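The values are calculated or read from the model by the stated rules, or taken from the named source; none is laboratory data. Worth saying up front: this structure is predicted, and the values here are computed from it rather than measured. Cβ coordinates were reconstructed from backbone atoms using ideal geometry, including for glycine residues, and neighbour counts include every protein chain displayed.
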Ligand code: UD1
């Protein structure tokens, strides 16, 4: 049983689902959607783009405080797991869905396999850091995306459970890159944007958007950037709600910051691949910009993907006041991805999903 529920989990899981369905007929897979994300552009679109079958079960858990959301998911997942009796529960990433599924399954004595195990930002104020640490420690199979992740797990005494598989997001990117190439001109035309002449912005971390004072500073910085170059900002629902409170949603086209709806996977990759640089607080986008050689400025003081910092391809800039200068400098730097560095891609060779499916298929059944 694979449990997903939030946007990045659909992307991380898509190549694993496809691999199992196409090449591992011995595995009976059920996909449970917790319902953490429910808007079409936060959920359905990814099933459509990756041509995935609809989830086997949908728990419609929805939004709420951390405790409420996690508790509702755990309650519904317990019934689901008791009914399905899976041999293993697969959980990708570090969201509240990941935590709810891993704790519920492990307490029912069901094995938990964590996709994207071993990431550490070291920042326990991030809900994701809590989720990923707890999940790793109740798991029996840890699928680590990088060597750094393997080292982190070893340090915590979890070495025996670890498999270095590579990152399934590389598999996802490889699977979709030809569609991105075909669609990018249309997407750029929709945004009236020219390749390498705009900054792409994505922000959704509570630490950046929940504090309205900080969000106002970030917004002011973006307006400043917009006087020099186009800013395209697809807005996450959490951020949209906070920007509405600042009453900036309507005025922004005039200010030059182009606000947009959240994009699907292909849409966001089209925008990223052609951006002059990226400003983000997302983990996945830091990595995708690295893979696509687009310079990245991360509006945080820590990252769970330290490999992206090599050679200045990604820079941590936590201070909103420093955004304009950092972006303008990044714009003129070369995109320093792994290919340009001439080193092996630290995120794997694009076969992570196959390795994960093979390990699960060979897992002894008790
Ligand atoms: C969650 C994950 C985060 C991940 C992010 C990707 C946790 C703790 N956080 O954060 O790790 O990077 O997803 O997007 O699990 N909302 C909608 N429509 C939706 C979903 C949410 O309007 O389809 C709104 C609701 O007002 C909700 C808020 O967004 O309260 C936040 O959603 P939530 O799932 O709690 O956290 P994210 O910020 O999306």
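Summary table below
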quantity	calculated
Complete set of residues in the range 25-51 that are in contact with a strand residue (DSSP E or B) (Cβ under 8 Å, 6 or more places away or on another chain), away from the ligand (no atom under 16 Å from the Cβ) and assigned to a loop (DSSP other than H, G, I, E, B)	29, 30
Subset of the range 52-77 that is in a loop (DSSP other than H, G, I, E, B) and under 24 Å from residue 129 (Cβ atoms) - its residue that is nearest to the ligand (Cβ to nearest atom)	63
The range 244-268 - residue that is assigned to a helix (DSSP H, G or I) and modelled with pLDDT of 95 or more and, of those, farthest from the ligand (Cβ to nearest atom)	266
Of the criteria (1) at pLDDT 95 or above; (2) touching a helix residue (DSSP H, G or I) at 6+ places or on another chain (Cβ under 6 Å); (3) part of a helix (DSSP H, G or I), which one residue 271 fails	(2)
Positions within the range 292-309 being under 21 Å from residue 182 (Cα atoms) and surrounded by fewer than 23 Cβ atoms within 10 Å (Cβ to Cβ), in sequence order	292, 293
Sole residue being away from the ligand (no atom under 15 Å from the Cβ) and modelled with pLDDT of 95 or more, chosen from 227, 202, 186, 239	186
Total residues in the range 189-213, condition surrounded by 14 or more Cβ atoms within 10 Å (Cβ to Cβ), part of a helix (DSSP H, G or I) and over 23 Å from the mean Cα position of the chain (by Cα)	0
Of all residues making up the range 78-107, the number that are over 24 Å from the mean Cα position of the chain (by Cα) and within 12 Å of the ligand (Cβ to nearest atom)	0
Listing of helices (runs of 4 or more DSSP H) fully contained in the range 280-351 that carry 1 or more residues being within 16 Å of the ligand (Cβ to nearest atom) and either under 17 Å from the mean Cα position of the chain (by Cα) or modelled with pLDDT of 95 or more (or both)	283-291
